[in-house]
Every structure is written in structure tokens, then in C-alpha cells.
1. Taking just the C-alpha trace of the chain, give me its Rg and Dmax in Å.
2. Please state the charge dipole magnitude for region 285-387, taken about the Cα centre, from unit charges on C-beta atoms (+1 on K and R, -1 on D and E), reported in debye and rounded to the nearest 20.
3. About its Cα centre, how strong a charge dipole does region 107-207 have in debye, to the nearest 20, once Lys and Arg get +1 and Asp and Glu get -1 at the Cβ?
4. For the chain, take the longest principal axis of its alpha carbons; what is the angle in degrees between that and the long axis of helix 223-234, to the nearest 10 within 0 to 90?
5. Can you spot the lysines whose alpha carbon is less than 19 Å from K288's alpha carbon? Ignore those fewer than 8 places along the same chain.
6. Within region 1-33, report the trypsin sites (Lys or Arg not before Pro) that DSSP leaves as loop and that have at most 11 other Cβ atoms within 10 Å.
7. In debye, nearest 20: dipole of the chain around its Cα centre with unit charges on the Cβ of K, R (+) and D, E (-)?
8. Gap in Å between the Cα centre of region 318-388 and the Cα centre of region 106-172?
Amino acid sequence: MKSWPHPYLPSLPGTGLPLWLFDTATRQVRATEPGPTARMYVCGITPYDATHMGHAFTYVTFDTINRVWRDSGHDVHYVQNVTDIDDPLLERAVATGQDWQEIAHRETALFREDMTDLNVIPPQDYIGAVESIPSVAGHVETLQERGAVYAVDGDLYFRVRSDPRFGEVAGLDGAQMLAVFAERGGDPDRPGKEDPLDCLVWQSARPDEPAWDTPLGHGRPGWHIECTAIALDHLGMTIDVQGGGTDLAFPHHEMSASEAQVLRQEWPFARHYVHSSMVSWQGHKMSKSRGNLVFVSKLRHDGVDPNAIRLALLAHHYRSEWAWTEHGLAGAVARLEMWRAAADAPAGPSAQATLVRVRAALADDLRTPEALDAIDDWAMAQQADGGTDPDAPDLIRNLADALLGIRL
Ligand code: 5CA
Ligand code: ZN
């Protein structure tokens, strides 16, 4: 699939620090240890509605990881999928009388615009589920050869217990796994399953639903195997970061990791499983299914500077749950104005220490609120006392852009 344009990244003096991140599987903040090229897979949207602030928070979080790695001297191979065939998309098509492909096409185009305006670095490989169907079928055949697949009325299920490490990503106990699986698209009660947690990898064609011809028969892929296949095809094993919101830790990342581990007979699928917390609005997690949404595109069309939207997101640590508010956005608009006023001056106080502080905050599990505080301190000092360093405003402009994706 077409990705979106790459933003210009200014270079900064010196090199950033190695990035430490919280890993859901080990429940520890640990150093990432990528090779010359860091490898990151982040789960993409299911394109049946526009990008909301929860999505934006998640993609800005992983964009910050991308920027910190680059600043510390790594290239980044970033891969993202688009779930352009799945139940929610078909349900929306039926409910609104539209063609499912048109919805997917339109909402993916809008997502690209939103990501471009938010200065998000695009994935090198942006891959749709539909275009991956031949690959998914091949991976399911390999799982069959490994004895990890069985049929229930023509649908194919992955035996989660064929991976001895199943359960280690999210760390839930059996009862929790069952409850969450049922809530998030699973079918624990389907008769004929060997283990209630076994997950669908191939669904045979249903009347009035799209289906594709593959060696597995006429049908379409299950959800988790889509991300397994795309990640293995484009990044291989083992990746540095598997990412998404906390709602994906189980079952999605658990299942995709187990499928990959059985396919490759290697462990682990990812060195870090990284999850951004849920953004809420009106008392509930912002979600397309509930419909309590604040859209990036709506704010953009209302004339809100996307840099202010990005600042409003970065004001929250990625592992804290928070609610989107008008007040938070207004604070970000004011902050952006203050930073711009200070960076537009001909000189300011030295910004070297600010760069050190921003790098240290981001490298330590992406403490973005503290990175913003460091720039606040510089901007307030500039506004209060002027300053004599003629290079300082440019350094602030460049570090805000390169590390935070904020254009002053
Ligand atoms: N297509 C699948 C992943 S393969 C999917 O979950 N799509 S999604 O459109 O529902 O979500 C896209 C990304 O946004 C996921 O990483 C999800 O965890 C994240 N996300 C969804 N809602 C929120 C929210 N309210 N707050 C933070 N992140 C969210
Ligand atoms: Zn995914």
C-alpha cells in the first residue's frame, strides 16, 4: 500500500542515549538493543472510521520511539499493517449501505493525511491485509505442517498450546484470558474447539461476504495471523518492538507472537512488547465501536494547528491513562505559542543543557512530559531575560522537530 510522505528531520549535534522501554512481557523497563537497523512492527488501523485521538496517541508514541532510535544512530525499519478486511469493516458496510472497499479506501486515505499533518514518520512498509492473503495462506500451511492447526466446520484454528510460551506476552491467568478473549473478538464458546482460547486463522467463505481463493480454500484470514505474516515477511524474527495500544496485548499480540514462534521454531517474536495506554473521552475509552470520538481530521478542519494536537498528546506519558479535554488542547495551543515566540527571537539562553535534558527524558521510557518541561524552561527563560546565544533558537527549533515532531 502507499504510505505517506517522509517529514524532513533536522540533524542534531552529538548522539542520543540508548532507549529504555517498558516491556509488557517481562514487566520491566529494559534497554532496547537494536542492531544498526532497529526493527519495529506497529499494528495499524482497521479503517472503518476516521483517526481519533486514541489512535493518534498510539502512533505518536511509536513515532517518538522511531525518532529516539534515529537520534541514537540507528536506522529504523518500521512496518505497519492496515486491517482492510475484518468483521467491523463488513458490519459498518452493511449498517451504512456502503461498499466495504470504499470505506477502507477512504478512511485509509484520511489516516495518511492525519499522520502527515501530525509529522509521523511513515512506515517503510505499509501493508494491507487483503494484499497479504497469499502470504497468510502460506503461513497457515506451514502451521498445518507443524501440526498446529485443526478444522472446525471448515474454519481453521491455531492450537495456542502448540507454543509452550503461550501466555507470556500479556501474563494473564487462565480466567482473565478467557474473559478478555471473549470481549475482544474471540470465540471461546464455539463447539468443536479443542481449547477455548484457540484462535481462528482462516475463515471459510460466508454468504454475502468477500472471500478469496487460496490453497486453504475459499475464505478470508483471521485477524492475528495477518500481523504475524506481515511482520515475518518484512522484518523476520526477532523484532525489537511489537507495538500497539494496551487493548492489543491480549489476545492480539499474544496470539501473533505464538503463531510466529511456532512458525519459526524460535523465541521470542519480539524483544519488547510495548503498549500505549488508552485515551478516554466522556468517561469511556475512545472507541469506534462506542462512537465517543474526537477526530484528528475534525480538529484540523476546524483550524487547530496539528503541532498543538501533537503537543497535547505528548503532554501525557504513554503508560498513563488519560482523558482528552478541551482544556488540555488549549494548554497545548498556549504552549506552542510560547515556544514559537521564544524560538523566533534572534538569541536566547544556551540550549545545550535543554538538548541533554530532552534526550535523557525520552531515552528513559519516553518521559515526554519531562521533555516538554525542559523546553518550557528554556522558552520561559528566553521570554524573561532574552539571552545572548544566537544559535540557541535554531537548536531549540531543531530538537523540537527531530525528537518531538513539533514544528516551531
Ligand atoms: N487493526 C487492528 C490492529 S492489527 C486495530 O486494533 N485497529 S484499531 O483501529 O482498532 O486500532 C489501531 C491502534 O490504535 C491500535 O494499536 C489500538 O490499540 C490503538 N487504539 C485504539 N483505541 C485507542 C484509544 N482509545 N487510546 C489509545 N490507543 C487506541
Ligand atoms: Zn495487529
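1. 22.2, 76
2. Roughly 580 debye, rounded to the nearest 20.
3. On the way: 9 positive and 19 negative charges, 58 e Å.
Using only the charged Cβ atoms, the result is roughly 280 debye.
4. Computed tilt is about 60 degrees.
5. K298
6. K2, R27
7. Numbers: 34 positive and 58 negative charges, 101 e Å.
Taking the Cα centre of the chain as origin, the dipole is about 480 debye.
8. Cα centroid of region 106-172 versus Cα centroid of region 318-388: 38 Å apart.
The values are calculated or read from the model by the stated rules, or taken from the named source; none is laboratory data. Since the model is a prediction, treat every value here as computed from it, not as a measurement. Every residue, glycine among them, receives a Cβ derived from its backbone with ideal geometry; neighbour counts consider all protein chains shown. Accessible surface is based on the protein model in full, side chains and every heavy atom, while ligands, DNA and RNA are left aside. Shrake-Rupley method; radii C 1.70, N 1.55, O 1.52, S 1.80 Å.
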